[in-house]
1. Any idea which of Ile130, Ile185, Ile124, Ile141 is touching a helix residue (DSSP H, G or I) at 6+ places or on another chain (Cβ under 6 Å) and within 22 Å of Ile23 (Cα to Cα)?
2. Within the stretch 114-140, which residues are near the ligand (Cβ under 9 Å from one of its atoms) and either touching a strand residue (DSSP E or B) at 6+ places or on another chain (Cβ under 6 Å) or without any contact (Cβ under 8 Å) to a residue 40 or more places away in the chain (or both)?
3. Could you tell me which residue of the stretch 88-119 is surrounded by the most Cβ atoms within 10 Å (Cβ to Cβ), considering only residues that are farther than 27 Å from Ser15 by Cα and of a type in the set (Gly, Ala, Ser)?
4. List pairs: first residue in the stretch 1-25 and farther than 18 Å from Gly104 by Cα, second residue of a type in the set (Lys, Arg) and modelled with pLDDT of 95 or more anywhere in the structure, Cβ distance under 6 angstrom, at least six positions apart or on different chains.
5. Going through the stretch 181-190 one residue at a time, which ones are part of a loop (DSSP other than H, G, I, E, B) and surrounded by 14 or more Cβ atoms within 10 Å (Cβ to Cβ)?
6. Look through Asn102, Asn45, Asn97 and report the one residue that is in contact with a strand residue (DSSP E or B) (Cβ under 8 Å, 6 or more places away or on another chain) and over 28 Å from His165 (Cβ atoms).
7. So which of Leu65, Leu76 is in a helix (DSSP H, G or I) and among the aliphatic types (A, V, I, L, M)?
Amino acid sequence: MIASNILSFAKCILSEVLEPGCIAVDATTGNGYDTVFLSRQVGINGHVFGFDIQEDAISQTEDRLDEECVPVNWTLFNTGHENMLRFIPEEFHGKVNVVMFNLGFLPGSDKSVITKSETTLEAIKASLSILNRGGMLSIAIYAGHPGGDEEDAAVRGFCTSLDYHSFRVIQSEMVNKPGFPIRMIFVSKL
Ligand code: SAH
């Protein structure tokens with residue numbers, strides 16, 4: 001079902017932008033599901049760059065990409081997404097079609113390893129600079145866990161302040177979820 005989970009909803013939106021040959025970034029590879037999606041969408045003539053600070057997440061993503069027999073069109077970096085300008089080769093700057101962020105902690109893993117406002121904002125700014133015109137950034141934001149509310153406020157505050165003539169920002173929210181909200185932000189670069 002398209003919107004049974006907010007990330008499948010996000011993927012439907014991103015599919016409109018992603019075509020074979022595109023360049024995509026998974027800024028938080030985690031368990032690798034989003035990396036698999038991006039790899040399939042861009043195909044053998046495209047490329048996916050993935051980032052995660054946890055070595056386990058990187059190897060889990062690698063295993064999943066192998067198991068799912070996706071095209072060999074990916075490069076994973078075991079480093080923070082705030083370093084993406086240094087790790088993604090310059091030839092791709094300004095040519096990236098999609099950047100995906102899935103914030104918070106990795107379910108089933110160390111819940112103390114979380115994305116943090118300061119580095120998240122740095123990485124969001126870097127993402128906006130490497131997107132092409134028409135490219136899209138998607139950010140799944142989770143409130144509720146320690147540090148989550150602050151990150152939620154910081155990310156939404158930053159995205160809300162983006163210049164309307166340069167970017168369009170759309171927010172979706174799963175409004176009937178019990179407990180803490182999950183929000184999706186989409187930023188299109190004009
Ligand atoms: N909360 C989501 C999953 C988020 S996974 C859900 O419920 O599905 C978030 C991933 O971001 C984790 O694997 C974590 O290791 C990674 N991460 C944390 N800080 C990071 C950073 N600075 N750069 C890249 N990845 C980071």
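The values are calculated or read from the model by the stated rules, or taken from the named source; none is laboratory data. Bear in mind the structure is a predicted one, so any value in this text is a computation, not a measurement. As a convention, Cβ positions derive from the backbone with ideal geometry for all residues, glycine included, and neighbour counts pool all protein chains shown.
1. Matching residue, one of Ile130, Ile185, Ile124, Ile141: Ile185.
2. Ile114, Lys116, Thr119, Thr120, Ala140
3. Ser117
4. Ile23/Lys95
5. Of everything in the stretch 181-190, just one residue is part of a loop (DSSP other than H, G, I, E, B) and surrounded by 14 or more Cβ atoms within 10 Å (Cβ to Cβ), namely Pro181.
6. Only one candidate passes the filter, namely Asn102.
7. Just a single option satisfies the conditions, and that option is Leu65.
Every residue, every condition in (1) closer than 23 Å to Asp52 by Cβ; (2) within 13 Å of the chain's Cα centre (by Cα), yes or no:
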{"site": "Glu90", "(1), (2)": "yes, no"}
{"site": "Met100", "(1), (2)": "yes, yes"}
{"site": "Phe105", "(1), (2)": "yes, no"}
{"site": "Ile141", "(1), (2)": "yes, yes"}
{"site": "Pro146", "(1), (2)": "yes, no"}
{"site": "Val175", "(1), (2)": "no, no"}
{"site": "Gly179", "(1), (2)": "no, no"}
{"site": "Ile182", "(1), (2)": "yes, no"}
